[in-house]
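Colleague: Below you will find the structure I want to go over with you.
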Amino acid sequence: MDDKNLMENILLLEKGVCDLYMHGTIESSSCNVHQAFSTALNDSLTMQDTLYAKMAAKGWYPTEQAEQTKVNSVKQKFSGCC
């Protein structure tokens, strides 16, 4: 397994952990449990951001700029819904 695949796998695992911690935070029944999950979630989000930044710097996580017309179209579509 090369470095790119390893980083992709780690990032996917970290995203899954964030999802679990988020649900733990939402569903917690006491302040102590809520705080523990919330802290773990924030730590995991920080790790996820670091992984993403390293992958993006190496060109392993390319992104593309959204076309402004598409952004405006989505804004228009949902501007009156709420």
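The values are calculated or read from the model by the stated rules, or taken from the named source; none is laboratory data. Because the structure is predicted, anything quoted here is derived from the model rather than measured. Ideal geometry is used to build each Cβ from the backbone, glycine not excepted, and the neighbour counts take in all protein chains shown. Please note that ligands, DNA and RNA were not included when accessible areas were found on the heavy atoms of the full protein model with its side chains. Shrake-Rupley method; radii C 1.70, N 1.55, O 1.52, S 1.80 Å.
Colleague: Can you tell me which residue among L45, L51, L20, L41 is at pLDDT 95 or above, open to solvent by 90 Å² or more (accessible area, probe 1.4 Å) and in a helix (DSSP H, G or I)? Working first, answer last.
Modeller: Values: L45 fails: open to solvent by 90 Å² or more (accessible area, probe 1.4 Å); L51 fails: open to solvent by 90 Å² or more (accessible area, probe 1.4 Å); L41 fails: open to solvent by 90 Å² or more (accessible area, probe 1.4 Å).
Checking each option against the conditions leaves just L20.
Colleague: Output the number of the condition that S30 fails; it satisfies all remaining conditions of (1) modelled with pLDDT of 95 or more; (2) over 25 Å from K15 (Cβ atoms); (3) open to solvent by 80 Å² or more (accessible area, probe 1.4 Å).
Modeller: (3)
Colleague: Which count do you get for residues in region 54-67 that are basic (K, R) and either touching a Cys at 6+ places or on another chain (Cβ under 8 Å) or outside any helix (DSSP H, G or I) (or both)? Walk me through how you get there before you give the answer.
Modeller: Residues of region 54-67 basic (K, R): 54, 58.
Remaining after also requiring either touching a Cys at 6+ places or on another chain (Cβ under 8 Å) or outside any helix (DSSP H, G or I) (or both): 58.
Adding up the residues that qualify gives 1.
Colleague: Name the residues in region 68-82 that are outside any helix (DSSP H, G or I) and open to solvent by 100 Å² or more (accessible area, probe 1.4 Å), would you? Before the answer, list the steps.
Modeller: Taking region 68-82 first, the residues outside any helix (DSSP H, G or I) are 80-82.
C82 - this is the single residue of region 68-82 that is outside any helix (DSSP H, G or I) and open to solvent by 100 Å² or more (accessible area, probe 1.4 Å).
Colleague: Okay, moving on. Just one of K54, K75 is touching a residue at least 12 places away in the same chain (Cβ under 8 Å) and of a type in the set (K, R); which is it?
Modeller: On the way: K75 fails: touching a residue at least 12 places away in the same chain (Cβ under 8 Å).
Only one candidate qualifies: K54.
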